[in-house]
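Quick note: the coordinates plus some simple rules give every number you see, no bench work behind them. All figures in this text were calculated on a predicted structure; none of them were measured in a lab.
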């Protein structure tokens, strides 16, 4: 497709890193692939992070996205958990950066508003809307789990935001 931009969305986590790839052409969104990278829970932190980085690097090599989008880290009540999530997020950001991709960052609230229309949407609502916006994702082999749905939602958000930037740029 001409003028098609391929976007990889990332939902980082130390136990599960969701990823989703879409193509966008104008306002049209097309599902390409999605999945989850699962490091060994019993491995030491450095090896888990390496597994995330290498697994995501393979996905990027296979699907060749033009841009990446990642969910920002939220600060929760447990500082140790927040720090570990930050490590996983860094590993997830390095893979597209190493491949030469720009990496856009979006707050969970913005992703929920962009995909569902409400900033306090739950995971079920996000999954429902992703299935509506990308029906082929729901019928893909293995189905669509919450981590991959969140990653696809991040990619959809990036597609919407980049389209709005183009429209406002053209109006100026």
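Details
- Rg [Å, one decimal], Dmax [Å, integer] - the chain, C-alpha atoms: 15.4, 54
- Our summary gives the chain a relative contact order of 30 percent, counting only alpha carbon pairs under 8 angstrom and 6 or more residues apart.
- CD proxy at 222 nm, helix term only [per DSSP H run n ≥ 4: -39500 (n - 2.57); per residue of the chain; nearest 500]: -16500 deg cm²/dmol
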